[in-house]
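Input: a single structure, listed below in structure tokens.
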Amino acid sequence: DAKTTQPTSMDCAEGRAANLPCNHSTISGNEYVYWYRQIHSQGPQYIIHGLKNNETNEMASLIITEDRKSSTLILPHATLRDTAVYYCIVGRPPNFGNEKLTFGTGTRLTIIP
Amino acid sequence: ETGVTQSPTHLIKTRGQQVTLRCSSQSGHNTVSWYQQALGQGPQFIFQYYREEENGRGNFPPRFSGLQFPNYSSELNVNALELDDSALYLCASSPREAYGYTFGSGTRLTVV
């Protein structure tokens, strides 16, 4: 069962920042927060991950609250190509091995021209 | 460019038949996982292979089986196909301690 809660859908204007929230109130101490997205008819694409510090890469920023019970994925300047389903996943670090990703139903983000 | 190639892209099978789906991952990606994605749902974990051995399994019956080969390719086999097996089947690979998996574009299986 998915251990995260996300809104079903969101809209964002092109060029604006898209902020996608995720609740993971039962996250345990060694679990990471991972974000993937799935564009129609493609496989999921890894975006970013974090443990407790905020993270940024070329695709997005991840803000994790101090109590780690929620996080926000930020796409700073959304484009039409960012229209996709975004999945927030909690899981163990990869050196545990046997790491499966437990997907929920995600947030369907639509970028409006 | 994904680096993970799956074949075929689409397939239609009859209930009761057997099917083999294939995945070719990047060199050095010694961990491969398979997922089933029903329409409108998130992907569901089927199993994972590491160095050619099964390394974890989701809630799928034994008629779902797999293989991983030394050249980093892998197969998903499904016997006695049922209508509910109709789904997108995704292969994901990574080096052992990578934080992110690389997914293929999937095989769309339709069972009639």
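Structure notes:
- In the stretch A:33-44, residue farthest from the chain's Cα centre (by Cα) [restricted to those that are in contact (Cβ under 8 Å) with a residue 24 or more places away in the chain and either assigned to a strand (DSSP E or B) or surrounded by fewer than 19 Cβ atoms within 10 Å (Cβ to Cβ) (or both)]: A:His40
- Candidate set from the stretch B:80-112 (those that are hydroxyl-bearing (Ser, Thr, Tyr) and outside any strand (DSSP E or B)); member that is farthest from A:Met59 (Cα to Cα): B:Ser86
- Scope the stretch A:54-83; condition in contact (Cβ under 8 Å) with a residue 12 or more places away in the chain, assigned to a strand (DSSP E or B) and within 13 Å of chain B (Cβ to nearest Cβ); matching residues: A:Leu62
- Any chance B:Gly66 is more than 10 Å from chain A (Cβ to nearest Cβ) and either assigned to a strand (DSSP E or B) or of a type outside the set (D, E, K, R) (or both): yes
- Per the conditions (1) away from chain A (no Cβ under 11 Å); (2) part of a loop (DSSP other than H, G, I, E, B); (3) at negative phi, the sole criterion not satisfied by B:Asn77 is (2).
- Filtered residues of the stretch A:84-113 (kept if part of a loop (DSSP other than H, G, I, E, B) and either more than 14 Å from chain B (Cβ to nearest Cβ) or more than 14 Å from the chain's Cα centre (by Cα) (or both)): A:Arg92, A:Pro93, A:Gly97, A:Asn98, A:Glu99, A:Lys100, A:Pro113
- Filtered by the rule that a residue be within 14 Å of chain B (Cβ to nearest Cβ), crowded, with 16+ Cβ neighbours inside 10 Å and over 24 Å from B:Trp34 (Cβ atoms), the stretch A:7-32 gives a lone residue, A:Cys22.
- Per the listing B:Glu52, B:Glu82, B:Glu75, the residue uniquely more than 23 Å from A:Tyr46 (Cβ to Cβ), within 13 Å of the chain's Cα centre (by Cα) and surrounded by fewer than 18 Cβ atoms within 10 Å (Cβ to Cβ) is B:Glu75.
- Enumeration of residues in the stretch A:1-32 that are assigned to a loop (DSSP other than H, G, I, E, B) and closer than 24 Å to B:Gly106 by Cβ: A:Asp1, A:Ala2, A:Thr4, A:Gln6, A:Thr8
- Of all residues in the stretch B:89-103, those satisfying the criterion of being touching a Leu at 6+ places or on another chain (Cβ under 8 Å) and at pLDDT 95 or above are B:Tyr89, B:Cys91.
- Selection within the stretch B:87-112: residues that are surrounded by fewer than 17 Cβ atoms within 10 Å (Cβ to Cβ) and away from every other protein chain (no Cβ under 11 Å). The member of this set that is farthest from B:Cys23 (Cα to Cα) is B:Val112.
The values are calculated or read from the model by the stated rules, or taken from the named source; none is laboratory data. Keep in mind that this is a model prediction, so the values were computed, not measured. For neighbour counting, all protein chains shown are included, and Cβ atoms are generated from backbone atoms with ideal geometry for every residue, glycine included.
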